[in-house]
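What follows draws every value from the coordinates through simple rules; no lab data is involved. Everything numeric here is computed off the predicted structure, so don't read it as measured data.
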Amino acid sequence: MSKIKTALVTGGSRGIGAAIVARFASEGWNVIFTYVSNTAAAEEVAKTTGARAVKCDAGSEAEILSLIKTLDDEGISIDTLVNNVGITGPKRRMEEVTAETLEEVMRVNITGVVLMCREAVKRMSTTHGGRGGMIVNLSSTATAAGSPNQWIDYSASKGAIDIITRGLSREVGAEGIRVNAVAPGYTLTDMAREGEIEARFDSFKHEVPLGRIVTV
């Protein structure tokens, strides 16, 4: 009998993250996902998918290490890490960006991803005695235009994800770890609604070959 594989998904309580959790669960994977504050949403995803919800700020090194230690202590090996979690902060032009918002966006979208990748590599790499695995980082099509009048710094953070993915894929490919990035197109999520861009989606449809916006 083949061993049931385990996927760790950051930010899996809603939107694209919840859809990722549901897909892995439907394929028979053991799924663990993180959330920060929306306990009700996390519990609902866990209930409907059978996945395990763990409260963890995926931008905090202390909380990441605590989560990984818990999994290590339970003898759980991660076969796939999906770095889905990401934040935009409020809609803003460049002259409205604050250091506080910038630091928070980069902490979650870049620092947290690098730290999660670090811990995954330590355990997956054949160099460290691991059996290999997969890392998938969520990028964004926003990197193409840079999100003017909206989230330039957020787009920059996703551009960094592309670079991290390229570099890490070359660094650990020979050690049994596949590293890829996925850049979702226009997707109607809570983030889109909260960012006040839902109303603009109709004007984007001509850019999509299928002529429609993704919903989750």
Exercise for review: Take the alpha carbon gyration tensor of region 1-83, find the square roots of its eigenvalues, order them as a ≥ b ≥ c, and report rounded if a/c is under 1.5; if not, report prolate when a/b exceeds b/c, else oblate.
Suggested key: oblate
**Study point:** Prolate/oblate/rounded call for region 1-149, Cα gyration tensor, a/c under 1.5 rounded
**Key:** prolate
Point to revise | Hits among lysines - C-alpha to C-alpha of K5 under 20 Å, sequence gap 8 or more where chains match | key: K47, K69, K122
Practice item. Mind jotting down the distance between the C-alpha centroids of region 99-151 and region 50-65, whole Å? Key: 14 Å
Review point. So what is the relative contact order of region 19-171, in percent, for Cα pairs below 8 Å that sit 6 or more residues apart?
Key: 21 percent
